[in-house]
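First up is the structure itself, then whatever we jot down about it.
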Amino acid sequence: MLSAAERSIPDGRPAIDLYGLVRELFPINRSLTGEGVRRTLTILSRHVPLEVTAVPTGTAVLDWHVPMEWKIRSGTIATLDGYRLVDFAAHNLHVVGYSKPVHAVVSRAELAQHVHTLPDQPDLIPYRTGYFADDWGFCLSHKLWLTMTDEYYRVDIDSELFPGALTYGELFLPGETPEEALVTCHICHPSLANDNLSGIAVATALAMRQSCRPRRLGFRFLFLPATIGAITWLAFNASRLNRIKHGLVLTCVGDAGPFHYKQSRSGAIIDQAVAHVLRHSGDQYEIMPFNPYGYDERQFCSPAFDLPMGCLMRSVHGTFPEYHTSADNPDFVKPEALDQSYAVVASVLDLLDANRTYVRTDGRGEPQLGRRGLYRAIAGQKEAGGASQMELLWVLNLADGKYSLLEMADRAEIPFRRIQKAVQLALDAELIREVVRD
Amino acid sequence: MLSAAERSIPDGRPAIDLYGLVRELFPINRSLTGEGVRRTLTILSRHVPLEVTAVPTGTAVLDWHVPMEWKIRSGTIATLDGYRLVDFAAHNLHVVGYSKPVHAVVSRAELAQHVHTLPDQPDLIPYRTGYFADDWGFCLSHKLWLTMTDEYYRVDIDSELFPGALTYGELFLPGETPEEALVTCHICHPSLANDNLSGIAVATALAMRQSCRPRRLGFRFLFLPATIGAITWLAFNASRLNRIKHGLVLTCVGDAGPFHYKQSRSGAIIDQAVAHVLRHSGDQYEIMPFNPYGYDERQFCSPAFDLPMGCLMRSVHGTFPEYHTSADNPDFVKPEALDQSYAVVASVLDLLDANRTYVRTDGRGEPQLGRRGLYRAIAGQKEAGGASQMELLWVLNLADGKYSLLEMADRAEIPFRRIQKAVQLALDAELIREVVRD
Amino acid sequence: MLSAAERSIPDGRPAIDLYGLVRELFPINRSLTGEGVRRTLTILSRHVPLEVTAVPTGTAVLDWHVPMEWKIRSGTIATLDGYRLVDFAAHNLHVVGYSKPVHAVVSRAELAQHVHTLPDQPDLIPYRTGYFADDWGFCLSHKLWLTMTDEYYRVDIDSELFPGALTYGELFLPGETPEEALVTCHICHPSLANDNLSGIAVATALAMRQSCRPRRLGFRFLFLPATIGAITWLAFNASRLNRIKHGLVLTCVGDAGPFHYKQSRSGAIIDQAVAHVLRHSGDQYEIMPFNPYGYDERQFCSPAFDLPMGCLMRSVHGTFPEYHTSADNPDFVKPEALDQSYAVVASVLDLLDANRTYVRTDGRGEPQLGRRGLYRAIAGQKEAGGASQMELLWVLNLADGKYSLLEMADRAEIPFRRIQKAVQLALDAELIREVVRD
């Protein structure tokens, strides 16, 4: 176990109650489009000044078109004598997303064609969507379905598909340089907590945090409906993508599992940065190679963009039993897990912003530290978590205009924040100066 | 154990009875030159239209000269009362290759200078040659030699060394491009089955196979006396060698041992291709680094040629007890091992021929698969061994004009043939197109 | 265990008694400057014609200045009735290096501010210096200190700090080319045997050895006061540093521990050479990555120089209990360990000097070895430790003008000296010739 001084996680805590935000957002019925997304963005806008963009249905975006907007007012399965067995009002997972309206009496056999259950998890309601299916459907617990033995049922879905808009939220915090770091999360899932209210909450708190700090890099936060939202944003921002030097998709960061970081498609500093922070965090973690399945890194890492974008998760989509079921609710998300995820990403963002390159003012031999009071400085700070003599020697040795601080820290096997302290000592003594590396 | 659908070995079987061909060729007394080689090539010509080249004795080839031709009619050791103890007619390993004629009565002590046995394998006759030795000799079982206690023996070898020719066979199957894949085997060993009638049989069947298929690459098959045959061919074809993009020496591919692939000298696609096929074959195998000992890869990989040429074996020369003895006979070779070797190399050749590079028609984001019916196509084919969604996503993500299909397959850890199926779907949907990579 | 023929260590032994030299040098009170260093260099000059350079106090060298010279005549702690408890005459570790003069009666409490002991090693005297501290101090065993319970003691140090010179010794042995290999050791420690009389003795014997041999490379041996001596030499030789192709710091090479080689900062042939020799030596060893702490590699590997310089040790500074105590005396150093260290470094220097690049006269195919008598030559020498057929084949295959002999030996996993023998055979047969590689 690392001491607090050794851990690379900053002590700062999120400015908002992450878990409270997850609970607040949970009941809203989000989908790719519509009121749920808009209400979600409105709530987030209380914390950060989001720019909200609405793109009309039918707009061509890359290979896609912005879909119709979906609105649902109610959805029920009832016995013929009017007893409601399944009711969207009770749980908004009960109706398949983008279901078209239906008002009919159907045989059990026909209903079975429209019902989704989880026989292996008989108490849980599955999450299903049919964005482009021109169909309707219900999701319910398998246990309930087994009790539904009537010959006929009455089904009613009062929904609407109409030309509207796709909505997403964006916050850009300019930095001293045109280079940007990008954080994204998806906002299109209904009452699912880990996937992805956790990512929304952490991203919101990070946006608040970064807005209050001096920034070398610009930081951009995107709150996007998955896939089509990312594609829409990419379509509208093609000319600016070359500014994105680092990117991170946040999802499923609220459960109690160990961290999983999925690397970028072509290797990038973000991969080294996240690995560094996790390695020195004392937390359990696993690094996974890129694959083209998952979240919006699929779009950002498509071959013509190939952005330096990884994805941070705790438990991995599809591998935990609560995934895409009614069990992915606020009970599955832990306040301390959210806070820890926030702290890890905050460290990553700090690292990226501070990851500069230095060169010795005069790189010939070691400088005489004694006459600059640096032996004393070092000795005095050693126990307090400051730079040790060894860290200062590493900085003075590797400050050759080629090593970034992150590369220094990794070669020296020293946490970035300790290397930063040694750099500050060396800068104060005018032993090194910053250089721009190509 | 991999399912049949997962295995990368094509189902096709050789068009000829490989084991039957080994048995047919076994009795012939081959040597570097002479009738044995010519008869062997004649038999192979029944199956494939070999071009046979005869190079006169004395022709300068690189650092060498084509040797005299050797003919042997008989060779015996007899007791002075005429009882034949050792007879070339009984086994053509009995006379050392390139023995000069002798007709003499010699003491046992003198005979011992000309006799080769295997004390540790007393029942077996060793295989020995003395191509440039100007000597004569016999090979016999140690058990027999221990019984030969007479003071004198009569030795007779009716052989001839005379200006003739070195003969080799060649088949070139042109492809759509000038690039070539080369398969070679050696044809100079007398009655030895695994070394190398197995290689001859597999190469012949592969030549038949490739001649019946559309070919992007040209395929060249060489049936060469070892060392001097390869050197002769190289000397005559120096100007064409730059067309050889892939090469494979086949030898000892008939025994029941696991596969051994010896890599090329400088690293090459053939190394990746064989490793890929073996990794996904479900067979046992080992990859060995290049070394300058072995078969004709020694010549093809000499420093001024440095061709991309590996060597596929099952058991490795010099490591199995039957090697270069009378026990390397048809009993040691297994029909199913020959067929399996054929299947592995056929997969390698198919892979090399299909190893193209693709780029997305529009690489920005993922294409909308649904409206192209590709979700359905995928779902429908999944169980039938077709492409899965994951394979299609890999292809769409890595089709950037830089990844060859083999590189895609290796990165995705998916068998090449499944990647090919996904490529076909993507081509049919005009989502990717082929590009020429430098 | 390797056979003698397999070991890459040459049989030659040092021309002088290494252990005797350590014993002879041990009593001298060396420091950064002064008589001790000069007497040490005078003794070494009996064996090798050292060029001795004296640099005046105050000379600016890189970021430093040459310090005052320190002379000490006596140093004692006595009871008030005149009984000498601690006496520099008995052990020259008793007075802290660069102590200023003092003649006073001090309370035990005040004395405690100036006394250094090792509570965990109560019998040993520590080694301490205070080059720039403007202070005085004594080192004594903790056991003695515990018995010193008087209220007052008389302290006397008769020392002097005055403008003088820093002195170092150098021997340059020119080679056929302007390229140089550098061997350095530090000469500023008083009565400490492993650190670094061992390095001094081995470097001296190596200088004697190299002066008697033909040399392709120039060899430079430096006997330097640590840190400031290296900085002074570097300051005066900046324009020649680009000739240094290989460098090695020798220190702590006399104890019985396994070898430790610390790699150069940026990777270099010296790293491969030492690793090769150690790997084939049959000795225990460990390779350690570069770090910016240790000996004068800190200066030679500073970023503006970044010389290809490693450091060879047996036990590593700071990790053995005798380090920087009175227990680092001649009993801790073993004659056979010194000799073995000498042999290893001699092998490394031989390897560096012989590490040439060859190309085949005609690299097409294998040459016909038989008609050049090389089969016979090889067979005859095999048991005598000469080149085997395999070694000759490796040389003939890798002689492409790109592989150095060391790279050949490493790829073939054959000791360098056996590769050299095969090279000689190939050179004699005019099969290869040397080339200059860029």
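The values are calculated or read from the model by the stated rules, or taken from the named source; none is laboratory data. Treat the numbers as computed from the prediction; the structure is a model and nothing was measured. Here the Cβ is made from the backbone with ideal geometry for all residues, glycine too, and neighbour counts use every protein chain on show. Remember, those area values only see protein heavy atoms, side chains included, never the ligands or the DNA or RNA. Shrake-Rupley method; radii C 1.70, N 1.55, O 1.52, S 1.80 Å.
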Next on the checklist: Only one of B:Leu173, B:Leu182 is away from chain C (no Cβ under 14 Å), open to solvent by 10 Å² or more (accessible area, probe 1.4 Å), touching a residue at least 40 places away in the same chain (Cβ under 8 Å) and within 20 Å of the chain's Cα centre (by Cα). Can you tell me which?
Outcome noted: B:Leu173
Checklist outcome for this item: Residue set C:Arg360, C:Arg371, C:Arg411; condition at pLDDT 95 or above, open to solvent by 20 Å² or more (accessible area, probe 1.4 Å) and within 12 Å of another protein chain (Cβ to nearest Cβ); output residue C:Arg411
Next on the checklist: Can you tell me how many residues within the stretch A:256-275 are in contact (Cβ under 8 Å) with a residue 60 or more places away in the chain and either part of a helix (DSSP H, G or I) or over 18 Å from the mean Cα position of the chain (by Cα) (or both)?
Outcome noted: 5
Checklist outcome for this item: A careful count of residues in the stretch B:414-438 that are open to solvent by less than 60 Å² (accessible area, probe 1.4 Å) and touching a helix residue (DSSP H, G or I) at 6+ places or on another chain (Cβ under 7 Å) gives 12
Next on the checklist: Exactly one of these conditions fails for C:Phe259: (1) in contact with a strand residue (DSSP E or B) (Cβ under 6 Å, 6 or more places away or on another chain); (2) open to solvent by 20 Å² or more (accessible area, probe 1.4 Å); (3) within 25 Å of C:Arg13 (Cα to Cα). Give me its number.
Outcome noted: (2)
Checklist entry - With (1) open to solvent by 40 Å² or more (accessible area, probe 1.4 Å); (2) free of Cβ contacts under 8 Å to residues at least 40 places away in the same chain as the list, and C:Gly130 as the residue in question, which single condition is left unmet? => result (1)
Checklist entry - Could you list, in sequence order, the residues of the stretch C:113-127 that are among the polar types (S, T, N, Q) and either buried (at least 17 other Cβ atoms within 10 Å of the Cβ) or within 19 Å of C:Ile228 (Cβ to Cβ) (or both)? => result C:Thr117, C:Gln121
Next on the checklist: Checking the condition under 30 Å from A:Leu431 (Cα atoms) and at pLDDT 95 or above, which residue from C:Pro303, C:Pro335 passes?
Outcome noted: C:Pro303
Next on the checklist: With the requirement that a residue be among the β-branched types (Val, Ile, Thr) and either under 19 Å from the mean Cα position of the chain (by Cα) or surrounded by fewer than 24 Cβ atoms within 10 Å (Cβ to Cβ) (or both), what does the stretch A:27-42 give you?
Outcome noted: A:Ile28, A:Val37, A:Thr40, A:Thr42
Checklist outcome for this item: Note on the stretch C:211-249: residues β-branched (Val, Ile, Thr) and either part of a loop (DSSP other than H, G, I, E, B) or facing another protein chain (nearest Cβ under 10 Å) (or both) are C:Thr227, C:Ile228, C:Ile231, C:Thr232
Checklist entry - Across the stretch C:295-309, which residue is nearest to the other protein chains (Cβ to nearest Cβ) among those that are under 16 Å from the mean Cα position of the chain (by Cα) and open to solvent by 20 Å² or more (accessible area, probe 1.4 Å)? => result C:Arg298
Next on the checklist: Checking the structure you have, find out if any residue of the stretch B:278-288 is within 14 Å of another protein chain (Cβ to nearest Cβ), open to solvent by 20 Å² or more (accessible area, probe 1.4 Å) and of a type in the set (A, V, I, L, M, F, W, C).
Outcome noted: yes
Checklist entry - B:Leu351 fails exactly one of the following numbered conditions: (1) open to solvent by less than 20 Å² (accessible area, probe 1.4 Å); (2) farther than 25 Å from B:Ala201 by Cα. What is the number of that condition? => result (2)
Next on the checklist: Within the stretch B:317-334, does at least one residue satisfy the condition of being out of contact with any helix residue (DSSP H, G or I) (no Cβ under 9 Å at 6 or more places or on another chain), open to solvent by 10 Å² or more (accessible area, probe 1.4 Å) and under 26 Å from B:Arg265 (Cβ atoms)?
Outcome noted: yes
Checklist outcome for this item: Of the residues in the stretch B:221-236 that are open to solvent by 10 Å² or more (accessible area, probe 1.4 Å) and not small (Gly, Ala, Ser), the one that is nearest to C:Gly365 (Cα to Cα) is B:Thr227
Checklist entry - When the residues of the stretch A:58-87 are filtered to those that are touching a Lys or Arg at 6+ places or on another chain (Cβ under 6 Å) and open to solvent by less than 30 Å² (accessible area, probe 1.4 Å), which remaining residue is nearest to the other protein chains (Cβ to nearest Cβ)? => result A:Thr76
Checklist outcome for this item: The residue that is farthest from B:Ile16 (Cα to Cα), considering only those in the stretch B:189-212 that are open to solvent by 10 Å² or more (accessible area, probe 1.4 Å) and of a type outside the set (D, E, K, R), is B:His189
Item to check | Lone qualifier among B:His324, B:His260, B:His317 - being closer than 15 Å to B:Val348 by Cβ and of a type outside the set (D, E, K, R) | outcome: B:His260
Next on the checklist: Going by what's in this entry, would A:Arg46 be described as in contact (Cβ under 8 Å) with a residue 60 or more places away in the chain and open to solvent by 70 Å² or more (accessible area, probe 1.4 Å)?
Outcome noted: no
Checklist outcome for this item: Selection from the stretch C:142-162 of residues hydroxyl-bearing (Ser, Thr, Tyr) and assigned to a helix (DSSP H, G or I) yields C:Thr147
Checklist entry - Scanning the stretch B:376-406 for residues that are part of a loop (DSSP other than H, G, I, E, B) and away from chain A (no Cβ under 13 Å), which turns out modelled with the lowest pLDDT? => result B:Gly385
